[in-house]
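Colleague: Before we start, here is the structure in question, set down as structure tokens.
No lab work stands behind these numbers, since they all come straight from the coordinates. Values in this document were obtained by computation on a predicted structure and should not be read as measured data. Positions of Cβ are generated from backbone atoms using ideal geometry, with glycine treated the same way; all protein chains shown enter the neighbour counts.
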Amino acid sequence: MSDTLSKPRAGRAARMLRALDENGERWLLLVLYGTIVSAISIEVARRFLLSYSSVWGEEVARYAFIYLAWIGASAAVRERAHIRIDVLVSRTPPRVKAAFDVLADLCTLALALICLYWSVRPVVTSLEFGSVTHGLRISMAWFLVAVPLGFALMTFRVLQCLAGDLHRLRTGAAPKAAHSQPIA
């Protein structure tokens with residue numbers, strides 16, 4: 001009986017993980033865009049209607065934008081939307097394209113891991129010294145962690161791309177078309 005109950009749960013969990021993998025960054029980007037627009041709109045209304053502004057509005061928008069940038073960078077890795085010069089590569093056979101993609105993935109992975117390593121130190125330093133934001137008076141570590149989080153997500157997405165590119169290199173399959181939906 002427990003096997004029949006666990007199969008629907010496992011299927012549901014797999015669907016949820018697949019949806020998170022396919023759209024997780026998009027959902028986060030949407031929430032962050034909404035946060036930025038809401039905070040700025042509220043601040044504009046307060047300034048013009050009430051002749052008063054708060055300290056928190058500008059900080060919320062700024063820190064949401066920082067998260068937006070780093071999570072957006074991860075989404076761009078997934079979509080292969082970062083700047084590339086592929087004039088010559090685009091004219092090569094699928095296996096050669098895959099080999100170039102593997103090389104690019106390995107370089108990106110190395111850079112992401114180096115940056116991930118070095119971006120953790122400011123978070124640790126912030127926690128050690130207890131630095132807080134000027135307006136919100138909350139730990140700066142919450143906002144500094146956006147950088148290592150972004151590089152961790154990029155590392156995960158590069159590993160996904162690398163797995164697909166290695167498969168294409170072995171099989172000689174043509175590259176998968178980029179997602180037709182825009183990132184944000």
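Colleague: What residues have an amide H closer than 5 Å to that of VAL132, excluding those fewer than 5 places away on the same chain, when H is modeled at 1.01 Å from N in the peptide plane?
Modeller: For VAL132, the qualifying residues are MET140.
Colleague: With a/c under 1.5 counting as rounded, go ahead and sort the stretch 1-85 into rounded, prolate or oblate using the C-alpha gyration tensor (a ≥ b ≥ c being the square roots of the eigenvalues; past the cut-off, prolate if a/b is larger than b/c, else oblate). If you can, show how the numbers build up before the last one.
Modeller: Details: a/c = 4.81, a/b = 1.84, b/c = 2.61.
Oblate, since a/c reaches 1.5 and b/c is not below a/b.
Colleague: Here's a follow-up. I want to verify the translational diffusion coefficient of the chain in µm²/s; compute it with Stokes-Einstein, Rh as the Kirkwood radius over Cα pairs, at 25 °C and 0.890 mPa s. Walk me through the numbers before you get to the answer.
Modeller: Details: Rh = 19.4 Å.
D, rounded to a whole number, is 126 µm²/s.
Colleague: Okay, moving on. Compute the helix-to-body angle for 94-129: its Cα long axis versus the longest principal axis of the chain, expressed 0 to 90° and rounded to tens.
Modeller: 30 degrees
Colleague: When a/c reaches 1.5 or more, the comparison of a/b and b/c decides; with that in mind, is the stretch 42-133 rounded, prolate or oblate per its Cα gyration tensor? Show your work: numbers first, answer last.
Modeller: Values: a/c = 6.21, a/b = 1.90, b/c = 3.27.
Taking the square roots of the gyration eigenvalues as a ≥ b ≥ c, the stretch 42-133 is oblate.
Colleague: Assuming 0.36 nm per residue, please report the length gained on full extension of the stretch ARG46 to GLU128 beyond their Cα-Cα distance. Don't skip to the end; give the middle numbers.
Modeller: On the way: separation 82, 0.36 × 82 = 29.52 nm, distance 3.64 nm.
Result for the pair: 25.9 nm of gain on full extension.
Colleague: Can you give the calculated 222 nm mean residue ellipticity of the chain, where each DSSP H run of n ≥ 4 adds -39,500 (n - 2.57) and the sum is split over every residue, rounded to the nearest 500 deg cm²/dmol?
Modeller: Values: 5 runs with 139 residues, N = 184.
Per the formula, -27000 deg cm²/dmol.
Colleague: Taking the Cα centre of the chain as origin, sum charge times position over the Cβ atoms of Lys and Arg (+1) and Asp and Glu (-1), and report the length of that vector in debye to the nearest 20.
Modeller: Details: 21 positive and 13 negative charges, 114 e Å.
Result for the chain is approximately 540 debye, rounded to the nearest 20.
Colleague: Relative contact order for the chain: what percent, with Cα pairs under 8 Å and sequence separation of 6 or more? Please report the intermediate quantities before stating the final value.
Modeller: Working: 173 pairs, mean separation 51.2, N = 184.
RCO, the chain: 28 percent.
Colleague: Quick check: the angle from helix 56-79's long axis to the longest principal axis of the chain, C-alpha only, nearest 10 degrees?
Modeller: Once rounded, the angle reads 0 degrees.
Colleague: Say a paramagnetic label sat at a point 7 Å from the Cα of SER38, along Cα to Cβ; which residues of the stretch 49-77 have their backbone N under 12 Å from it?
Modeller: 61
Colleague: Here's something else I'd like to know. Over what distance in Å are the Cα centres of the stretch 129-172 and the stretch 64-125 separated?
Modeller: Between the Cα centre of the stretch 129-172 and that of the stretch 64-125, the gap is 11 Å.
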